[in-house]
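Just so it is clear, none of the values below were taken in a lab; they were calculated from the coordinates. None of the values given here were measured: they were computed from a predicted structure. Quick reminder, even Gly has a Cβ in these numbers, built from the backbone with ideal geometry, and neighbours come from all protein chains shown.
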Amino acid sequence: MSVYDRLGVKTIINAAGPATRLGGTLMDSEVLRAMTEAAGAYVKMDELQEAAGRVIAQITGAEAGYVTSGAAAAMALATAACMTGVDPVKINRLPDSRGMKDQVIIQRAHRYDYDHAIRSVGATLVEVGFPDLTFAYDIEAAITCETAAIAYYPVRSRPSVPLHTVADIAHRHGIPVIVDAALEVPPTENLRRYIQEGADLVAFSGGKAIRGPQASGILCGRADLIRAVALHNLDMDVRPETWTYQRMIDEGRIPGPPYHGIGRSMKVGKEEIVGLLVALERYVRQDHATIRAEWLNKLASIRNALSEIDGLTVTIVEEPLGGLAVPYALVQLDEHKLGITAYQLLNGLQECDPPIYLIEEPAWRGAVAVSPMTLQDGDELAIVHAIPQVLKHVARGRT
């Protein structure tokens with residue numbers, strides 16, 4: 001009996017991709033072994049984070065790196081670091097941001113629900129432009145003495161000012177740029193792309209394509225800002241005389257260590273740090289062309305089977321406009337002919353045994369989608385068997 005059986009929790013078929021609500025992705029055995037090994041010893045967490053930062057810096061091309069408890073935590077810590085630097089007085093005060101730079105400029109086309117992480121540390125978002133059009137001068141005109149950073153989300157489905165232009169504007173004014181790249185891997189090249197284009201801090205999810213622990217993320221960028229991130233995040237139950245970064249006090253850079261920072265509730269364990277590093281190193285050495293070919297083969301088998309059903313049109317989308325750059329199968333329903341809505345199909349699949357979860361985003365336009373990224377071998381067969389059964393069941397219920 002599995003641990004989930006003992007808890008009375010059903011395991012599912014995940015065809016929705018690495019969604020947090022569905023447990024992210026599955027870690028490779030190499031990652032699990034490393035986490036088990038890490039759990040068997042004590043270490044100084046600041047020393048472990050510095051070692052992790054060196055690995056992250058090498059892979060991303062950044063000056064430094066840090067492992068966080070997810071990409072949202074990375075965005076929150078990045079914002080806090082831009083607001084306070086290493087000043088312990090400011091670090092101690094957040095989320096009370098009075099008397100410090102606390103405005104983060106963001107293009108209106110880049111607004112989305114996860115930017116709450118930016119506001120969670122006491123920052124105020126300043127929107128510029130329109131949802132479908134922003135000019136570079138909109139960004140420059142919004143910069144004031146209260147501007148702490150510019151946030152950037154690499155959205156592909158809406159036009160916006162490109163990152164290199166945003167970085168040029170920001171750096172002329174001495175302002176850092178934070179990029180939320182949580183969903184931007186794959187492709188692997190994006191691990192280095194945003195730093196190369198001028199970003200000062202970049203956040204990636206560790207529990208999606210990289211297949212690290214679900215509660216892990218990566219923050220990479222400028223060394224001074226990463227040091228500020230560490231001061232916000234580490235256990236600060238210390239005394240100045242024994243503190244790891246005593247040299248910062250001796251050099252007059254800070255008057256003393258801060259208390260627990262706003263990142264204390266976002267702590268990441270030694271097991272997650274090690275697991276993330278092993279997963280990251282494994283990810284960059286994988287044959288991604290072969291993996292993509294396997295994805296497309298599974299999608300083709302789904303398309304071929306479902307296209308035989310009258311009322312369904314299946315298309316393989318190889319280059320998505322938004323979200324993860326992973327191909328998917330778009331299943332368009334003729335809701336009138338089938339007598340069932342996309343939402344009813346989704347609910348019906350979730351009542352199967354095992355429950356099946358698909359991508360829900362296109363349901364408002366009468367479609368569902370299948371991501372191959374989180375499919376285990378044989379899952380595609382279960383999906384093409386279940387969909388016609390649900391269609392028949394719902395249709396019978398309407399007669």
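Some observations on this one:
- The modelled label-to-label distance for the pair Asp224/Ser29, using points 7 Å beyond Cα in the direction of Cβ, is 4.8 nm.
- Take the Cβ atoms of Ile249 and Phe130, set R0 to 56 Å, and the FRET efficiency comes out at 0.70.
- Distance between the modelled labels on Thr36 and Asp237, one decimal in nanometres: 3.0 nm (7 Å Cα→Cβ projection).
- Correct option for Cα extents along the principal axes in Å [calculated from the coordinates] among [x] 90, 43, 39; [y] 77, 54, 36; [z] 95, 50, 42: [y]
- ³J(HN,Hα), Karplus 6.51/-1.76/1.60, whole Hz, each residue of segment 134-139, x for Gly, Pro: 9, 9, 4, 5, 4, 5
- Look at the dipole of segment 134-286 built from charges on Cβ: of Ile195, Thr144, Ile210, the Cα furthest out on the positive end belongs to Ile210.
- The distance between label points at Arg192 and Glu319 comes to 2.3 nm (points 7 Å beyond Cα on the Cα→Cβ vector).
- Integer Hz, Karplus 6.51/-1.76/1.60 couplings in order for segment 188-201, x for Gly and Pro: 4, 4, 5, 4, 10, 4, 6, 5, 4, 8, x, 5, 9, 9
- Scoring 216-226, 264-274 by mean Cβ neighbours within 10 Å over their residues and listing the highest first yields 216-226, 264-274.
- Euclidean distance between Cα centres, segment 1-75 to segment 291-360, Å: 29
- The angle between the Cα long axis of helix 29-38 and the longest principal axis of the Cα atoms of the chain comes to about 30 degrees, rounded to the nearest 10.
- Between helix 288-306 and the chain there is an angle of about 30 degrees, using the helix long axis and the longest principal axis of the Cα atoms.
- GluC sites (Glu not before Pro) restricted to DSSP loop in segment 56-165 with at most 16 other C-beta within 10 Å: Glu63, Glu146
- Residues Tyr328, Tyr245, Tyr194, Tyr343 arranged by fewest to most Cβ contacts within 10 Å: Tyr343, Tyr245, Tyr328, Tyr194
- Dipole magnitude for the chain: computed about the Cα centre from +1 point charges on Lys and Arg Cβ and -1 point charges on Asp and Glu Cβ, it is near 400 debye.
- Greater than 23 Å apart at Cα, pairs in Lys10/Lys270; Lys298/Lys337; Lys90/Lys267: Lys10/Lys270; Lys298/Lys337
- Between helix 163-172 and the chain: long-axis angle, C-alpha atoms, 0 to 90°, nearest 10: 10
- The aspartates and glutamates within cross-link reach of Lys44, meaning a Cα-to-Cα straight distance under 15 Å and a gap of 8 or more places when in the same chain, are Asp235, Asp237, Glu271, Glu272.
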